[in-house]
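The values are calculated or read from the model by the stated rules, or taken from the named source; none is laboratory data. It should be emphasised that the depicted structure is a prediction, and the values quoted were computed from it without experimental measurement. Cβ: placed from backbone, ideal geometry, glycine included. Neighbour counts: every protein chain shown.
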Amino acid sequence: MKFNFITLFPAKVQAYFSEGLQEKAIQKGVFSVNIVHLRDFSNNKHLKVDDTPYGGGPGMLLKVEPIDLALKSLGEDKGVVILTTPSGIPFDQNVAEKLSKLEKPITLISGYYEGVDHRVTEHLVDIELSLGNYVISAGDLASLCITDAVSRLLPGFLGDRESLEEESHNERDVLEYPQYTKPSEYNGWKVPEILLGGNHAAIESWRNANRKKVDPDITRNL
């Protein structure tokens, strides 16, 4: 799979893929990354790609023209075009799994400032995705989160497929069971005895019984 990033900050995106599991997966050919600098498609000598909204209001909007030209530069390689925006479809594990099964590239357009000219959504984008009901300062973070969640589902990314299958959110509204490692006791805090005995059937039963349900009102704990 190939991921295209249309961004104002290429170095930020590139840095994420320069180490760790993502770098190793790229080196193995599990997926590839292509970074497109949006300012390369500015029609302004100052490389400006944003402007004030018609009708007034605060902030600046990314212009439609440089985004259109950036997408055209990718040709058929643009594949499925995704815009990261707070008003998009909530991104979850189910969406990640569907995207991981695509047999075409994925292009992510990172939003900034007050947003993006709506003609981008109307004419250039296939899907709008949101990480949640909050606002972040740069859409690159959302694009990277989406890429991470999708790429790790690709064959060859993880050496242990069982680890992938047992992760949180692979079952809807169910989180992963608690896990512990050595030492078995620290500061008087003990690992549950059942995990130390080697009875795999009992351990499996304990794990299933201790898988957490997603709490829709997590703020009650804050």
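For the stretch 19-33, a residue qualifies if it is loosely packed, with under 14 Cβ neighbours inside 10 Å and touching a helix residue (DSSP H, G or I) at 6+ places or on another chain (Cβ under 8 Å), and exactly one does: 32. Of everything listed in (1) within 24 Å of the chain's Cα centre (by Cα); (2) closer than 18 Å to residue 9 by Cα, the single unmet condition for residue 80 is (2).
Could you say whether any residue in the stretch 61-70 is part of a loop (DSSP other than H, G, I, E, B), β-branched (Val, Ile, Thr) and surrounded by 18 or more Cβ atoms within 10 Å (Cβ to Cβ)? No, that holds for no residue. Among the criteria (1) among the aromatic types (Phe, Trp, Tyr); (2) modelled with pLDDT under 95; (3) buried (at least 18 other Cβ atoms within 10 Å of the Cβ), the one residue 157 does not fulfil is (2).
Quick check, is residue 127 among the hydrophobic types (A, V, I, L, M, F, W, C), surrounded by 14 or more Cβ atoms within 10 Å (Cβ to Cβ) and under 16 Å from the mean Cα position of the chain (by Cα)? It is true that residue 127 is among the hydrophobic types (A, V, I, L, M, F, W, C), surrounded by 14 or more Cβ atoms within 10 Å (Cβ to Cβ) and under 16 Å from the mean Cα position of the chain (by Cα).
Restricting attention to the stretch 77-117, the residues being assigned to a loop (DSSP other than H, G, I, E, B), out of contact with any Ser or Thr (no Cβ under 7 Å at 6 or more places or on another chain) and in contact (Cβ under 8 Å) with a residue 24 or more places away in the chain number 8.
Checking the structure you have, find out if any residue of the stretch 132-139 is among the β-branched types (Val, Ile, Thr), outside any loop (DSSP other than H, G, I, E, B) and in contact with a strand residue (DSSP E or B) (Cβ under 7 Å, 6 or more places away or on another chain). No, the stretch 132-139 has no match at all.
For the stretch 80-100, the criterion of a residue being in contact with a Gly (Cβ under 6 Å, 6 or more places away or on another chain), surrounded by 14 or more Cβ atoms within 10 Å (Cβ to Cβ) and under 25 Å from residue 52 (Cα atoms) is satisfied by at least one position. Within the stretch 41-62, if we keep just the residues that are of a type in the set (S, T, N, Q) and in contact with a helix residue (DSSP H, G or I) (Cβ under 7 Å, 6 or more places away or on another chain), the residue that is nearest to residue 84 (Cα to Cα) turns out to be 42. Quick check, is residue 33 among the β-branched types (Val, Ile, Thr), farther than 18 Å from residue 76 by Cα and within 18 Å of the chain's Cα centre (by Cα)? No: the conditions fail for residue 33.
Of all residues in the stretch 1-28, those satisfying the criterion of being without any contact (Cβ under 8 Å) to a residue 12 or more places away in the chain and either touching a strand residue (DSSP E or B) at 6+ places or on another chain (Cβ under 6 Å) or not β-branched (Val, Ile, Thr) (or both) are 11, 15, 18, 19, 20, 23, 24, 27. Residue-level analysis places residue 126 outside the set of residues that are more than 16 Å from residue 146 (Cα to Cα) and assigned by TED's automatic domain parsing to the domain that holds residue 60.
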